[in-house]
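Asker: The following block contains the structure, expressed as structure tokens.
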Amino acid sequence: MNHIVKFPPVVSVSPITLETSGRDYPLQVRASVPAYGEQLPIIVFSHGFGSSMDAYAPLVNYWAAHGFVVIQPTFLDSGTINPDPKAGHSEAIQAYLQDPRKLMMWRYRVEDVKHVLDQVDLIENSVPGLKGRLDQSRIAAAGHSFGAQTTATLLGTRVINADRSLSEDMHDPRIKAGVLLSAGGRGGEALSPFANEHFPHLNQSYAQMNTPALVVAGDQDKSPLTTMGPEWFTDAYKLSPGANSLITLIGGEHMLGGISGYLVTETTDQSPARVEAVQQLTTAYLRSVLYPGDLAWPLACTYFQERPNPIAQIINK
């Protein structure tokens, strides 16, 4: 899989402003598109806390170069639209804890993705040369960290309320497949006191997530949100009927080698090899799940599992 192959250049357009109401900042997206090709499938990508539509270039550029149209909204927790952005991640978290929108932010994010799906035609018309090239029957959703929870909710995950009832079903049937990168796991006793106090939306149930999904976790991802350790990030695979594949990156931490950008400061496990594994395996999975009969996923699994020094462990249901 390391042989030289020519892929089309990528055209990226931003900001594209969508029509919304009741939002204190315009909903804007970036669209990254292969320069040529027809009947292009779509990925809507949800960024992690504090990030934006301008991040995750290592993934977005790869997906677009391999035939996907990638749409990235900027959510309301983004540091790029904060009037007083904090330089460090810890400072940004502390500021967010005082945000009165905190308890509703997970809902705002899901609603924003639904707005994106409602306005795919507008996005198509906003990118020069894209008109008539989309295949809107093949839409996938992907997300990292907080964005993975956003994506999981769109696939069917439900939040467990304080009275033990489930939140309403917010899954979107237009989404045919998902990729969950560093997704938080089960709630209840698995949550740390800090998470229980500040992020009750993490008390979630995967039992209703029926849409096919790939879960990607790092075996060294140690989070203050859970008492379980890195295994927590595999719960989306273990506890949902829809998630049918799990990739565990050996030595991987929360940024999975650096998927959020090139040489970015938040990456603590910088590894081009891990990023390459995420690029190739997520692309192969989406090709096979969106195009039944496509052998990209089984071939990629065989390739990575037969390497002399495997960087990823892969299991399938």
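The values are calculated or read from the model by the stated rules, or taken from the named source; none is laboratory data. It should be emphasised that the depicted structure is a prediction, and the values quoted were computed from it without experimental measurement. Glycine also receives a Cβ, built like all others from the backbone with ideal geometry; neighbour counts cover every protein chain displayed. Each accessible area value is taken on the protein alone, full model and side chains, heavy atoms only, with ligands, DNA and RNA left out. Shrake-Rupley method; radii C 1.70, N 1.55, O 1.52, S 1.80 Å.
Asker: Mean-square fluctuation check for the chain, GNM, Cα pairs under 10 Å: which of TRP63, TRP297, TRP232 is largest?
Answerer: For the chain, modelled as a Gaussian network with Cα springs under 10 Å, the answer is TRP297.
Asker: Using just the C-alpha positions of the chain as equal point scatterers, what log10 of I(q)/I(0) does the Debye formula give at each q in 0.08, 0.12, 0.14, 0.15 1/Å?
Answerer: Log-scaled intensity ratios, in q order: -0.32, -0.76, -1.08, -1.26.
Asker: Who wins for biggest fluctuation among PRO128, PRO200, PRO241 in a Gaussian network model of the chain, springs between alpha carbons below 10 Å?
Answerer: Of PRO128, PRO200, PRO241, the most mobile in the Gaussian network model is PRO128.
Asker: Could you work out the relative contact order of the chain, using alpha carbon pairs under 8 angstrom and six or more residues apart, expressed as a whole percent?
Answerer: 14 percent.
Asker: Sticking with this structure for a sec: Run the accessible area of the range 271-316 with a 1.4 Å probe and give the carbon-and-sulfur part as a rounded percent.
Answerer: 57 percent
Asker: Across the chain, how many lysine pairs, 8 or more positions apart or on different chains, have C-alpha atoms separated by under 30 Å? Please give the number.
Answerer: 19
Asker: May I pose another question? If I compute solvent accessible area with a 1.4 Å probe over the protein chains, what percent of it on the range 123-163 is carbon and sulfur?
Answerer: The computed percentage sits at 46.
Asker: Right, another one. Name the most mobile residue of ASN196, ASN210, ASN161, meaning the one with the largest mean-square fluctuation, in a Gaussian network model of the chain with Cα contacts below 10 Å.
Answerer: ASN161
Asker: Tell me, what is the percent relative contact order of the range 9-123, built from C-alpha pairs under 8 Å that lie six or more residues apart?
Answerer: 26 percent
Asker: Once amide H atoms are built 1.01 Å from N in the peptide plane, which residues 5 or more positions from ARG138, or in another chain, come under 5 Å H to H?
Answerer: Hits under the 5 Å cutoff: ILE42.
Asker: Further question: Using the heavy atoms of the protein chains alone and a 1.4 angstrom probe, what is the accessible area of the range 81-220 per residue in square angstrom?
Answerer: Counting only protein heavy atoms, the per-residue value for the range 81-220 is 42 Å².
Asker: Could you give the size of the charge dipole of the chain about its Cα centre, using +1 on the Cβ of each K and R and -1 on the Cβ of each D and E, expressed in debye and rounded to the nearest 20?
Answerer: Result for the chain is approximately 540 debye, rounded to the nearest 20.
Asker: Further, regarding this structure: Short version: what are the Cα gyration tensor semi-axes of the range 197-317, square root of 5 times each eigenvalue, largest first, in whole Å?
Answerer: 23, 21, 12
Asker: Kindly give Rg over Rh for the range 147-262, based on alpha-carbon atoms, with the Kirkwood expression for the hydrodynamic radius.
Answerer: Dividing the radius of gyration by the Kirkwood radius yields 0.96.
Asker: Do you know the relative contact order of the range 122-201, to the nearest whole percent, from alpha carbon pairs under 8 angstrom that are 6+ apart?
Answerer: Relative contact order of the range 122-201: 32 percent.
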